[in-house]
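Heads up, the thing below is written out as C-alpha cells.
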Amino acid sequence: RHLKQKLPDQILPVGKSKLIAELRDSIKRLAKYSMPILVKGEPGTGKHRVAEAIHKLSDRKENTFFQIHGADFDDQETLILGQETETGTSPGELIHATGGTLMISDLEQLSTKGQNFLAQLMFDGAFIRPGSNKKIAVDMRIIALTKGGLEDMAKNNQFREDLLQRLNVMPLDVPSLRQ
C-alpha cells in the first residue's frame with residue numbers, strides 16, 4: 001500500500017539491472033512512434049505490462065487500449081469486427097479503438113483468417129466486416145505479443161511471412177525472469 005501511494009502511476013518495469021534499464025529505455029523510445037511493435041518473451045515475463053506501458057506513454061494514451069487473444073479471434077470475430085446483415089449492421093468493438101492501441105496476445109496462435117485480418121489492418125489501415133465488402137478505415141497502433149517461434153512458423157507456411165516482416169521492424173525482447 002505504501003508503494004502504491006509513493007508511486008501511483010508506476011507503469012514501467014521496476015529493477016536496477018542493466019537489462020531492466022534497457023527495457024525501460026526501449027519502452028520510452030518506442031512509445032513515441034506509431035509503427036507496429038512485436039514484443040517477444042517467455043510466458044510470465046510481463047509482455048502485457050510492456051504493451052500497456054507503451055500505450056500509456058504514447059500520444060494515444062487517452063484512447064482505447066483494445067486487447068485480442070490470438071486463439072480467440074475466430075470465435076469472437078463478429079464481436080470484434082461487427083457484422084453486416086440484411087437486417088442491419090452491428091458495429092463491433094474494434095471500431096471504438098480508433099485512435100488507440102490494438103494489442104494481440106499469443107500472435108503465434110492467430111489463425112489464417114486472423115492473420116489476413118491483421119495484414120489488411122496493417123497494410124491498408126482498414127478492415128472489412130463479415131457480410132460486407134466495404135473497407136472501414138481505422139487509425140490504431142498495433143502491438144503484437146509472442147512467445148516466439150514465428151520465424152519457424154513462417155518457414156513452414158504456418159504464419160504469413162509478409163506480416164512477420166512488417167511486425168519485426170520494431171521488435172522488443174522482454175528478458176526472461178532468470179536473466
task = Could you tell me which of the residues Thr64, Thr89, Thr85 is surrounded by fewer than 19 Cβ atoms within 10 Å (Cβ to Cβ), touching a strand residue (DSSP E or B) at 6+ places or on another chain (Cβ under 8 Å) and farther than 22 Å from Gly46 by Cα?
result = Thr89
remark   = If we take region 2-102, then helices (runs of 4 or more DSSP H) inside it with 1 or more residues that are closer than 22 Å to Gly131 by Cα are 77-81
key: Neighbours by Cβ (under 8 Å, 6+ apart or cross-chain): first from region 166-179, polar (S, T, N, Q); second buried (at least 18 other Cβ atoms within 10 Å of the Cβ)   = Asn168/Leu38; Ser176/Gly41; Ser176/Thr45
note = Counting only residues that are out of contact with any Ser or Thr (no Cβ under 9 Å at 6 or more places or on another chain), open to solvent by 90 Å² or more (accessible area, probe 1.4 Å) and without any contact (Cβ under 8 Å) to a residue 40 or more places away in the chain, region 12-60 contains a total of 7
Every residue from region 55-75 that is over 27 Å from Gln158 (Cβ atoms) and not aromatic (Phe, Trp, Tyr) = His55, Lys56, Leu57, Ser58, Asp59, Arg60, Lys61, Glu62, Asn63, Thr64
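Among Phe127, Phe73, which is farther than 23 Å from Glu52 by Cα, surrounded by 18 or more Cβ atoms within 10 Å (Cβ to Cβ) and in contact with a helix residue (DSSP H, G or I) (Cβ under 9 Å, 6 or more places away or on another chain)? Explain how you work it out, then say what you get.
Numbers: Phe73 fails: farther than 23 Å from Glu52 by Cα.
Every option except Phe127 fails the conditions.
The values are calculated or read from the model by the stated rules, or taken from the named source; none is laboratory data. Since the structure is predicted, the reported quantities are computational estimates derived from the model, not experimental observations. Cβ atoms come from the backbone with ideal geometry, glycine included; neighbour counts cover every protein chain shown. Side chains are part of the model used for accessible areas, which takes the heavy atoms of the whole protein and leaves out ligands, DNA and RNA. Shrake-Rupley method; radii C 1.70, N 1.55, O 1.52, S 1.80 Å.
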